[in-house]
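Heads up, the thing below is written out as structure tokens.
The values are calculated or read from the model by the stated rules, or taken from the named source; none is laboratory data. Computed from a prediction, not measured in an experiment: that's the story for all the values here. Every residue, glycine as well, gets a Cβ built from its backbone with ideal geometry; the counts of neighbours run over all protein chains shown.
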2 protein chains.
Amino acid sequence: MSQDPLVVFTPSGKRGRFPVGTPVLTAARKLGVDLDSVCGGRGICSKCQVAPSFGEFSKHGLTSREEALSDWNRVEARYDEKRGLKPGRRLGCQAEIRGDVVIDVPPESQVHRQIVRKAASARAIPMDPATRLYYVEVAEPDMHEPSGDLQRLETALRREWGIERLEADLSVMAGLQPTLRKGGWKVTAALYRDHAGGAHKLTALFPGFHEAGLYGLAIDLGSTTIAAHLTDLDTGAVIASSGLMNPQIRFGEDLMSRVSYAMMNPGGDQEMTRAVREAIDRLAVEIAGEAGIDPAHILELTFVCNPVMHHLLLGLDPVELGQAPFALATSESARLTARDLDLGQLRDAARVYVLPCIAGHVGADAAAVALSEEPGKSEDLVLMVDVGTNAEILLGDTSRVLACSSPTGPAFEGAQISSGQRAAPGAIEAIRIDPETKEPRFRVIGCELWSDEPGFLDEVGASGITGICGSGIIEAVAELRIAGLMDPSGLIGSAEQTGSARCVPEGRTHEYLIWDASAEGGPRITVTQGDIRAIQLAKSALYAGARLLMDERGVEKVDRVVLAGAFGAHISPRHAMVLGMIPDVPLDKVTSAGNAAGTGARIALCNIARRAEIERMVREITKVETAIEPRFQEHFVAANAIPHKTDAFPELSRLVTLPQVSFGAGADREGGRRRRRRG
Amino acid sequence: MSQDPLVVFTPSGKRGRFPVGTPVLTAARKLGVDLDSVCGGRGICSKCQVAPSFGEFSKHGLTSREEALSDWNRVEARYDEKRGLKPGRRLGCQAEIRGDVVIDVPPESQVHRQIVRKAASARAIPMDPATRLYYVEVAEPDMHEPSGDLQRLETALRREWGIERLEADLSVMAGLQPTLRKGGWKVTAALYRDHAGGAHKLTALFPGFHEAGLYGLAIDLGSTTIAAHLTDLDTGAVIASSGLMNPQIRFGEDLMSRVSYAMMNPGGDQEMTRAVREAIDRLAVEIAGEAGIDPAHILELTFVCNPVMHHLLLGLDPVELGQAPFALATSESARLTARDLDLGQLRDAARVYVLPCIAGHVGADAAAVALSEEPGKSEDLVLMVDVGTNAEILLGDTSRVLACSSPTGPAFEGAQISSGQRAAPGAIEAIRIDPETKEPRFRVIGCELWSDEPGFLDEVGASGITGICGSGIIEAVAELRIAGLMDPSGLIGSAEQTGSARCVPEGRTHEYLIWDASAEGGPRITVTQGDIRAIQLAKSALYAGARLLMDERGVEKVDRVVLAGAFGAHISPRHAMVLGMIPDVPLDKVTSAGNAAGTGARIALCNIARRAEIERMVREITKVETAIEPRFQEHFVAANAIPHKTDAFPELSRLVTLPQVSFGAGADREGGRRRRRRG
């Protein structure tokens, strides 16, 4: 008696014998091969495409193409005609096994496929979203066996997909009966079930086979900007990214002024909650419009944000976050619906996942960085810094991860800087000062040329240079130091002291003139003594936070530094080190993680196992509170100079020679005042 | 070595030995004795009161009061002073075991106590509500171990009450932080967990020990009226009952006109949904006001209603219920929140349970009757009838239960009756016609006297007799037949034919004059030929439904009849049988179940195991659809006469002698028309 044909699936290597006539999809399911299907084998969805190869392994000689699989059938022919099937491909639900065969499951037919994004933050996210589509044919109602339409849908989902428990949101229920009838009792159900398990939730129902796909929004909700990535929940591809200003800025530029606003104005927290929710709602519609999709096909949202934004998003008064002991209302992740957040432009039942906060000062944005960059899986000791209005700092390796937040203020973002502006076209983003001539050259956003290259002005225009952004001001301050125009205490010298006519008096101090188009009615861009003080305060806070974690960990140095955030992508590691923003490490050990918080939001959107992982990670992280730690103040004061302690930065001597200059006793007096204030 | 003291609890009989010094509450818990406690043994809640008795059983001679339990302590003394402790009572959490003792747990200290209501529908409902109170002391936040306030509450609930998983509604989360601080980290949590299991849901949080209790609303949502019973979730006591008209009446008096309104007017279903939800919201506030409680202490609602009201309550378009095959959107129970139903006057997180519908024409109201009256537990075959605008009919015994609905129309409720009115003061609710004199005597709602008793008119006043309600019109028609004023076809004879001057012409037919105060500007109350036709149609529909179930079951008779509904409570079984409303059974086998649907709603409110039971019962009930069943039409036509078939009512001959009269051929003609229409 001859044996049943042997079927081997690649790349999994899973194999088994099946009777002649078994559909490939059936064989794959029995073997637990990762082969997708939405329509349940009806030849509609094309998700189960496979690439058979023939003859290679049969003991009975070569199995020909004709002997291995059934002929191309009418369903496949129709599908090919309508939408095109790649050469060599078959539909797994249609092709039947006839003889020994090797069947390759191409990546796009795998449920848990990895999608590699070709962006700055290239990242392979294995797809395992909480929401999936299921095509079913539902039994029609029968007066003699009365049951609800929902119960017959449930029966179909159980029979065809093995789904045991179904729950339906009222808003979905309201459309259930017309949708079933419109689809002629054939519907595609979007079911949500996350890492917490439990019942499947029916979040949308589409008539017939739903071809338009499902989408998710990964949202990085910052104090200043709200950025969203519209993501295809099937492929993981980001199909549009967009952002807008956080409208809460009108209640206070930084977080603490918003907390104060809530404290001083009864109902102020609710005002801010409404404002941010409306903005998110608007952003969702805008981004869907840009991508040309229906907002009703957005079925999931993930949010990363700092604790204050987290509370204001959820409608929780952030007042406790403004005072010791900085108690969060909840430190766990939140699972909600769009309706819970009054996102009226989206489906009521669209699901929302808000990543957990780490502590009262260390938010879900830091958790998202941890999810994206995985400090706990690093063999060497890594320091991760996400700089925004606050800096979130993570330090760790496989043994332990620590986290804190440091109040850098908005100077690194170009705010509170005399010529500061947000990173936008016209902003100086890079600058070099010649140590000999003390003359600057720079580059502005929107133009590839340096200012001393031919054609620069033609392209930019004299009044097209509008200000200086975060990365620009950091480079400017560092370059002032390198060029000997500023002493270690941060004082800019006079024209006589420095020999540069660009050092001009400004009140009792001096400023450095980068660009002056005032004669033509354009801007005059300088670095003032006040700007340098703001940057000094910010960088001291950042450095002190990092040092505090290193103290807690009992180390004097770290192996590598990762700069996260949109800002981190543009910062020059060399200048950051000259400034003393980050501890000293070899320059090639400073990398940028791009928008790691946004990547974390995308990961949580695409993969529910990673949601479970970040929840576990956050519980295990050692939280360090900077506000109450006397050593933080000590580190802060000690970090004021640029660089504060040269012996702490041996790497620096390989990068630059910092001139020994001194333009006054201001730094000492300043340091003295600080110490007295602490006493 | 002497043994540990023996402790015996009554009434459970559970016993065990415990070391000297063990608190009685601890011993009870270890033995699984049903002894309540909300405060977890802190001497605050007084729920754990016990009544010790001494000495009766000790082998070592009598154990004196002093030897058996620890002395009355300061906590007990303070409690007694503040709120009073009954003589002989101790607090189980304070009294410690010293020697052998018998401890009685009085009913009010049992968690699963049975509460017997002293009402018409007296019913012992064992208490096992979904929502319970838990008093806890929560750890204060610690900057060095940052965790959310919610997580510390969760930890306290786990530690003190063994509660494993907690979920909090966003609306409760919003009040979490201020409540914890207001209560000095001592709070009472209201947790909801029903028969489906899963996580406990935090539905309310009260500062300190919450003494004001928790309440639930059992709501009978009828087409015409909405009735609510405000119930203490601790004791099961109904502390207020109230009702109001269903405002949907302005969209159509009966269900089918409301379905038509939804069909004809886009958005009409949503209009009706808004109207009924607003009414429920208003009713909740009114009833709370009557009882003097805070609506914020209402944490649960249960609803029973017919399928159309069910859909309109849930915001589902009822259009499918208006046409074959009468498909329900869902036939399962619904678990929701007050926010889902836009009940803005209640807490967002208050829980809503809507009982399951049986079929497209047999609603959750019929399910509630089944829950209350339990036909499936009856040893003899019982027919249950709940008469409203539709009649819900159940037939069953321990072997099987069948259900159908019959379109009686609103005549039984006094609607579509010339002098008809709702059951309210001034309505004639009972009537007798003397077979000799053909003179009527009657009783009106609001007066105990019959109209021929002395003092009746003094009490009621001539114009205080305002109309005739459902039970009144049924008695009137039956009495007309008994008195020989009406023939079996339903025709009223003329004054000449009957010898009664009260039979007066009305167009081409006659009416019977019951009361005439028109001379004084008061009402003139008659029973017209049209009234009799309306009652005939209604009773034929009801009888035909009952007969159809009997056919399905294969029986010619039932053992007993239960009349449910507020109407059922007032109907005279003898008259119902003369009218031919119900199949013939011995008169003592006809009982009233009072407002069984409302009782079902209260049972579901107080006991989650009964929720599971009704869900199972509803699945198991055999559903019979009257609308498509030719035999229903046959029974309907055959049931037109009064009584339709004398040989089918042997019991009747023991009750009354029905005169052989005939006043015309109208009944035959009517029957002939009907038969032709069916053909």
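Data table
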{"quantity": "Filter result (of a type in the set (Phe, Trp, Tyr) and surrounded by fewer than 18 Cβ atoms within 10 Å (Cβ to Cβ)) within region B:207-251", "calculated": "B:Phe209"}
{"quantity": "Identity of the residue in region B:387-431, under 19 Å from B:Leu537 (Cα atoms) and among the hydrophobic types (A, V, I, L, M, F, W, C), that ends up modelled with the lowest pLDDT", "calculated": "B:Ala415"}
{"quantity": "Any chance B:Ser405 is part of a helix (DSSP H, G or I), among the hydroxyl-bearing types (Ser, Thr, Tyr) and over 21 Å from B:Met245 (Cβ atoms)", "calculated": "no"}
{"quantity": "Residues satisfying the stated conditions in region B:296-334, i.e. polar (S, T, N, Q) and more than 21 Å from A:Thr155 (Cβ to Cβ)", "calculated": "B:Thr302, B:Asn306, B:Gln323"}
{"quantity": "Among the candidates B:Gly530, B:Gly490, residue that is outside any loop (DSSP other than H, G, I, E, B), under 38 Å from the mean Cα position of the chain (by Cα) and closer than 20 Å to B:Gly580 by Cα", "calculated": "B:Gly530"}
{"quantity": "Those residues of region B:622-652 which are more than 14 Å from chain A (Cβ to nearest Cβ), of a type in the set (A, V, I, L, M, F, W, C) and within 26 Å of B:Ala370 (Cβ to Cβ), in sequence order", "calculated": "B:Phe636, B:Ala639"}
{"quantity": "Leading residue by the ranking (nearest to A:Arg611 (Cα to Cα)) among those in region A:329-343 that are in contact with a Leu (Cβ under 6 Å, 6 or more places away or on another chain) and within 7 Å of another protein chain (Cβ to nearest Cβ)", "calculated": "A:Thr330"}
{"quantity": "Test: residue in region B:287-305 that is surrounded by 24 or more Cβ atoms within 10 Å (Cβ to Cβ), in contact (Cβ under 8 Å) with a residue 40 or more places away in the chain, of a type outside the set (A, V, I, L, M, F, W, C) and closer than 19 Å to B:Arg602 by Cα", "calculated": "yes"}
{"quantity": "Count of residues meeting criterion [of a type in the set (A, V, I, L, M), more than 12 Å from B:Val387 (Cα to Cα) and touching a Ser or Thr at 6+ places or on another chain (Cβ under 9 Å)] in region B:560-577", "calculated": "1"}
{"quantity": "Within region B:170-187, tally of residues that are at pLDDT 95 or above and touching a strand residue (DSSP E or B) at 6+ places or on another chain (Cβ under 7 Å)", "calculated": "10"}
{"quantity": "Filtered residues of region B:230-252 (kept if in a loop (DSSP other than H, G, I, E, B), in contact (Cβ under 8 Å) with a residue 24 or more places away in the chain and not polar (S, T, N, Q))", "calculated": "B:Leu233, B:Asp234, B:Gly236, B:Ala237"}
{"quantity": "Residue among B:Ala296, B:Ala349, B:Ala262 that is farther than 23 Å from B:Ala597 by Cβ, assigned to a helix (DSSP H, G or I), more than 10 Å from chain A (Cβ to nearest Cβ) and touching a strand residue (DSSP E or B) at 6+ places or on another chain (Cβ under 8 Å)", "calculated": "B:Ala296"}
{"quantity": "Options B:Leu394, B:Leu355: the member that is of a type in the set (A, V, I, L, M, F, W, C), away from chain A (no Cβ under 14 Å) and either closer than 19 Å to A:Leu150 by Cβ or within 19 Å of the chain's Cα centre (by Cα) (or both)", "calculated": "B:Leu394"}
{"quantity": "In region B:595-609, the residues that are hydroxyl-bearing (Ser, Thr, Tyr) and either within 14 Å of chain A (Cβ to nearest Cβ) or in contact with a Pro (Cβ under 6 Å, 6 or more places away or on another chain) (or both)", "calculated": "none"}
{"quantity": "Qualifying residue in region B:315-328 (condition: within 12 Å of another protein chain (Cβ to nearest Cβ) and over 22 Å from A:Asp142 (Cα atoms))", "calculated": "yes"}
{"quantity": "In region B:495-527, the residues that are small (Gly, Ala, Ser), part of a helix (DSSP H, G or I) and within 20 Å of B:Val661 (Cα to Cα)", "calculated": "B:Ala495"}
{"quantity": "Yes/no for B:Lys201 being in contact (Cβ under 8 Å) with a residue 12 or more places away in the chain and surrounded by fewer than 19 Cβ atoms within 10 Å (Cβ to Cβ)", "calculated": "no"}
{"quantity": "Among the candidates A:Met550, A:Met577, residue that is among the aliphatic types (A, V, I, L, M), closer than 25 Å to A:Gln660 by Cα and outside any strand (DSSP E or B)", "calculated": "A:Met577"}
{"quantity": "Those residues of region B:473-487 which are in a helix (DSSP H, G or I) and either in the same structural domain as B:Gly388 (by TED's automatic domain parsing) or under 16 Å from B:Gln529 (Cα atoms) (or both), in sequence order", "calculated": "B:Ile473, B:Ile474, B:Glu475, B:Ala476, B:Val477, B:Ala478, B:Glu479, B:Leu480, B:Arg481"}
{"quantity": "Residues being under 44 Å from the mean Cα position of the chain (by Cα) and in a strand (DSSP E or B) - total across region A:67-98", "calculated": "3"}
{"quantity": "Per-region count, region A:316-344, residues surrounded by fewer than 21 Cβ atoms within 10 Å (Cβ to Cβ), of a type outside the set (Asp, Glu), part of a loop (DSSP other than H, G, I, E, B) and out of contact with any strand residue (DSSP E or B) (no Cβ under 9 Å at 6 or more places or on another chain)", "calculated": "5"}
{"quantity": "Boolean, B:Glu271 is under 19 Å from A:Leu150 (Cα atoms), of a type in the set (D, E, K, R) and not assigned by TED's automatic domain parsing to the domain that holds B:Gly388", "calculated": "no"}
{"quantity": "Test for A:Ala612: is it at pLDDT below 95 and more than 14 Å from chain B (Cβ to nearest Cβ)", "calculated": "no"}
{"quantity": "Matching entry among B:Gly184, B:Gly213, B:Gly222 (being in contact with a helix residue (DSSP H, G or I) (Cβ under 8 Å, 6 or more places away or on another chain), farther than 30 Å from B:Ala564 by Cα and either of a type in the set (Asp, Glu) or more than 14 Å from chain A (Cβ to nearest Cβ) (or both))", "calculated": "B:Gly213"}
{"quantity": "Matching option when the condition is assigned to a strand (DSSP E or B), in contact with a strand residue (DSSP E or B) (Cβ under 8 Å, 6 or more places away or on another chain), free of Cβ contacts under 8 Å to residues at least 40 places away in the same chain and within 13 Å of chain A (Cβ to nearest Cβ), among B:Glu167, B:Glu145, B:Glu154", "calculated": "B:Glu167"}
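Residues are listed down the side, and each one gets a yes or a no for (1) touching a Ser or Thr at 6+ places or on another chain (Cβ under 8 Å); (2) not hydrophobic (A, V, I, L, M, F, W, C):
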{"residue": "B:Ala130", "(1), (2)": "no, no"}
{"residue": "B:Tyr134", "(1), (2)": "yes, yes"}
{"residue": "B:Pro141", "(1), (2)": "yes, yes"}
{"residue": "B:Leu150", "(1), (2)": "yes, no"}
{"residue": "B:Arg158", "(1), (2)": "no, yes"}
{"residue": "B:Ser171", "(1), (2)": "no, yes"}
{"residue": "B:Ala174", "(1), (2)": "no, no"}
